[in-house]
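> Structure incoming, see below.
Values in this text are rule-based calculations from the coordinates and carry no lab data. Computed from a prediction, not measured in an experiment: that's the story for all the values here. Note: ideal-geometry Cβ built from the backbone for every residue, glycine included; neighbour counts use all protein chains shown.
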Amino acid sequence: MGFQNTGLSTVFQGGSCSSSRVSAYVSVLPTPHVDLGADTTQCEGTIVLDAQNAGDTYVWSTGATSQTIIADTLGTYSVTATAANGCTDADAINVNIVPYPTVNLGNDTAQCGGVVILSTSNASNTFHWNNGSSLPFLTVVATGTYSVTVTTPEGCKRTDSVDITINPAVSVVLRDDTAQCGGSVLLDAGNAGNNYSWSTGATTQTISAAQTGTYSVVVTSPDNCSATDSVNITIHAFPVINLGTDTSICGVSKTLDAGNPGSTYLWSTAETGQTIVADTTGTYSVMVSSSAGCESSDTVTLTFHTNPSVSFNVADTICNNASPISLSGQPAGGVFSGNGVSGNNFNPSGLGAGFQSLVYSYTDGNGCSVNATDSIEVVICTGISEASANLSVAIYPNPSTGQVFVDLTSLSGKAVTMQVYSPEGKLVVHSSFEADKNIRLIDLSNQAQGLYLIKIVSNHLALTKRIVVQ
């Protein structure tokens with residue numbers, strides 16, 4: 001049986017057949033009541049557990065003996081409270097301390113172009129980004145402030161935010177590598193308003209590349225975003241051709257040279273060599289292609305004129321004391337020159353004995369000039385019979401190819417001196433002999449072609465004749 005209150009109580013004792021009533025004083029002691037509450041889960045921090053029943057003694061599962069303890073770790077906490085009268089009560093509670101999720105989006109970020117990936121940890125959590133996304137990561141493509149709230153399965157939440165600045169990226173494309181003939185190439189780095197640093201030292205948006213080389217540029221925006229590019233430029237030189245100025249030519253031909261050895265050539269005459277021989281009046285042009293494929297051309301007009309036919313005749317000999325003789329040439333209008341020449345006259349006075357070369361120069365209306373040359377022998381005539389009829393000499397063949405026979409029959413048995421002079425007045429044959437043979441051979445085959453003079457002197461008589469070697 002149980003007693004609810006303190007006081008005098010009557011109880012019956014004995015069996016069912018007989019019993020006796022007994023009265024006794026019963027004291028009912030108070031019992032402690034311990035209630036730690038329902039099992040608890042919270043996000044980090046601590047929980048104060050209170051066993052109440054002030055004045056009792058306590059024994060906690062942690063070993064503590066105070067009325068209250070602080071629960072700061074996951075686990076089951078229990079306590080037994082004992083009143084002063086020795087009555088006890090106990091209770092237990094399950095405590096779950098859940099850590100807040102770790103959320104760290106990083107430092108505020110500024111970059112040039114591209115994307116920024118923001119990510120959180122522990123995919124078992126739930127996520128809520130300020131742009132509505134619920135993924136554990138976020139791909140950022142535009143400038144802005146981005147925040148995320150992460151919630152654990154137990155409902156613990158943490159939030160973080162970050163400022164992302166994505167500045168416009170700089171893109172530089174100068175052009176493909178370029179090769180061209182002459183001139184220059186315009187290089188444009190684009191991105192107007194930015195700063196430029198070229199490998200040439202230029203700081204402008206565009207430069208003109210006029211020399212072969214590698215050109216590069218660094219472009220930097222006001223946001224300090226930069227990009228670079230480079231390009232190879234090859235400038236091939238055009239062939240330089242100079243056929244000369246338009247001209248008139250006195251003669252039969254002129255060689256035209258297009259220069260630039262190793263190139264290919266195409267003349268207006270259809271010839272393909274570096275040089276051609278022009279021999280008719282007309283306009284001549286050439287196209288020259290270098291090994292790099294660069295082409296240049298030039299044109300010249302040539303006018304050909306036939307040289308005039310010029311001649312003059314002068315006596316073979318003249319006495320040193322003779323009067324001046326008149327000179328005439330064909331065509332008329334030319335100019336005579338040489339020792340003893342004055343205008344159109346030749347004066348032997350004051351000239352010593354010997355051959356004098358006279359020149360007749362004529363220039364026609366086309367500017368073509370030709371010189372004709374002849375020689376006259378000045379002889380000392382004192383005591384010598386000039387061109388004596390008694391000095392009869394035959395020369396043959398004349399003209400000849402160099403071998404000439406002289407018939408000295410009229411001088412048989414006499415002392416003879418024979419001299420032959422070249423067209424320049426040079427003595428090429430000198431021979432003195434007794435004319436015991438009627439025929440003498442003069443060999444001029446080793447001499448140049450031209451007009452030679454032969455002088456024969458015998459017995460104070462002199463005779464001069466011309467020999468033509470062809």
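> Gain in length, ASN398 to ASN224, computed as 0.36 nm per residue apart minus the alpha-carbon separation, to one decimal in nm?
Length gained, ASN398 through ASN224: 52.4 nm.
> Students often forget the sequence filter, so: which aspartates and glutamates lie under 14 Å Cα-Cα from LYS455 once same-chain residues fewer than 8 apart are removed?
Straight-line reach from LYS455, under 14 Å: ASP316, GLU377, GLU386, ASP407.
> Taking the alpha-carbon centroid of each part, what is the distance from segment 212-246 to segment 288-337 in angstrom?
About 54 Å separates the Cα centre of segment 212-246 from the one of segment 288-337.
> Can you work out the Karplus-derived ³J(HN,Hα) for every residue in segment 403-416? Use 6.51 cos²θ - 1.76 cosθ + 1.60 with θ = phi - 60°, whole Hz, and x for glycine or proline.
Going residue by residue, I get 9, 10, 9, 10, 8, 9, 4, 6, 10, 4, x, 9, 6, 10 Hz, with x marking Gly and Pro.
> Another one. Which whole-number value in Å³ per residue fits the convex hull of the alpha carbons of segment 68-205?
Convex hull of Cα atoms, per residue: 181 Å³.
> What percent does the relative contact order of segment 251-292 come to when contacts are Cα pairs within less than 8 Å and at least six residues apart?
So the answer I get is 47 percent.
> Could you list the square roots of 5 times each eigenvalue of the Cα gyration tensor of segment 153-234, that is, the equivalent ellipsoid semi-axes, sorted largest first and rounded to whole Å?
43, 13, 8
> I would also like to ask the following. Please express the Cα-Cα pair-distance distribution P(r) of the chain as a list of whole percents, one per 10 Å bin, running from 0 to the bin with the greatest distance.
Pairs per bin, as whole percents: 3, 10, 9, 8, 7, 7, 6, 6, 6, 5, 4, 4, 4, 4, 3, 3, 3, 2, 2, 1, 1, 1, 0.
> Let me ask something else. Round to the nearest 0.05 the FRET efficiency obtained for THR306 and THR417 when R0 = 41 Å and r is the Cβ-Cβ distance.
Working from the Cβ atoms, E equals 0.40.
> Can you tell me the equivalent ellipsoid semi-axes for segment 109-167? Use √(5λ) from the Cα gyration tensor, largest first, whole Å.
After diagonalising the Cα gyration tensor, the semi-axes are 24, 10, 8 Å.
> On to the next question. Where does each of ARG158, ARG175 land when they are ranked from fewest to most other beta-carbon atoms within 10 angstrom?
ARG175, ARG158
> Let me ask another. Relative to the present Cα-Cα distance, how much length would full extension add between SER361 and ALA292 at 0.36 nm per residue of separation?
19.7 nm
> Separate question: Mind checking the log10 I(q)/I(0) for segment 384-470 at q = 0.12, 0.18 Å⁻¹? Debye, one equal scatterer per Cα, no solvent, two decimals.
-0.32, -0.73
> Over all distinct alpha-carbon pairs, what is the Kirkwood Rh of segment 247-305 in angstrom?
11.9 Å
> Okay, next question. Mind sorting ARG440, ARG466 by how few other Cβ atoms lie within 10 Å of their own Cβ, fewest first?
ARG466, ARG440
> Turning to a different aspect of this structure: First measure r as the distance between the Cβ atoms of THR200 and GLN449, then evaluate 1/(1 + (r/R0)^6) with R0 = 60 Å and state the FRET efficiency to the nearest 0.05.
Once rounded, the FRET efficiency stands at 0.30.
> Please rank LEU187, LEU441, fewest neighbouring Cβ atoms within 10 Å first, as an exposure proxy.
By the 10 Å Cβ count, ascending: LEU441, LEU187.
> Say the dipole of the chain comes from +1 at the beta carbon of Lys and Arg and -1 at that of Asp and Glu; which of LEU135, ALA292, HIS305 then lies farthest toward its positive end?
Of the options given, the answer is HIS305.
> With an 8 Å Cα cut-off and a minimum separation of 6 or more residues, compute the relative contact order for the chain in percent.
7 percent
> Under a Cβ-only charge scheme (Lys and Arg +1, Asp and Glu -1), can you give me the dipole magnitude of the chain about the Cα centre, in debye to the nearest 20?
The dipole magnitude comes to about 1820 debye.
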